[in-house]
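Okay, structure first, notes after.
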Amino acid sequence: MHIDYSEYLDQKRPCVICKNDNFELWCRDGEFEVLKCIECELVFVNPCLNQKGLDLVYQGHHNKRVSDKDEWVKRKSMYKIDRDFLIEIINEGSILDCSFIEPIQG
Ligand SMILES: [Zn+2]
C-alpha cells in the first residue's frame, strides 16, 4: 500500500548546520526532496515529515517487519551472514550491535 506522504510534510527549513537558505536539488524520491546546502554542502531531506508522518512511517515499518514471517526468517539469516563476515574480517576489538528487535548471539 502506497501512502501519500505529501500531506505530512513540514515547512521547508534552513540548513540545520549553517542556517543558510540556498539549496540545490540533490535528488527526489516520490514526494521527498533531498537538498544540498550551497554553503556547507550538507545533504538532507527538506522538508521532512511532521510528527504524524513519522508516526505513520514507523508504525507501518514495525507492523510490516513483525507480520511478514517469511521476510523475518530471511532477515535473520542475512544478519547472521553479516555477523559472520564481520567476525571474519575483524581480528581485534569489539563489534557494537545496535539492533533493537532481536539481538543475535555470537
Ligand atoms: Zn549549510
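Read-outs: derived from the displayed coordinates by stated rules, not from any lab. These figures come from a predicted structure and were not determined experimentally.
Considering lysine pairs in the chain that are 8 or more places apart or on different chains, how many have Cα atoms under 17 Å apart?
Close lysine pairs found across the chain: 6.
Across 5 Å bins from 0, what is the distribution of all Cα-Cα pair distances for region 5-67, in whole percents?
4, 18, 23, 19, 16, 12, 6, 3, 1
Measure nothing but the geometry: give the 0 to 90° angle between the long axis through the Cα atoms of 51-67 and the longest principal axis through the Cα atoms of the chain, rounded to 10°.
The answer is roughly 20 degrees.
Report the extension gain between Val57 and Glu31 in nm, rounded to one decimal, defined as 0.36 nm multiplied by the number of residues separating them, less their alpha carbon distance.
Roughly 8.0 nm would be gained on extension.
Please compute the Kirkwood hydrodynamic radius over the chain, one decimal place, Å, based on all pairs of different Cα atoms.
That comes to 17.2 Å for the chain.
By how many degrees, between 0 and 90 and to the nearest 10, does the Cα long axis of helix 69-89 differ from the longest principal axis of the chain?
Rounded to the nearest ten degrees, it is 80.
Calculate for the chain the 222 nm mean residue ellipticity that helices alone would give, adding -39,500 (n - 2.57) per DSSP H run of length 4 or more and normalising by residue count, nearest 500 deg cm²/dmol.
One gets -12000 deg cm²/dmol as the mean residue ellipticity at 222 nm.
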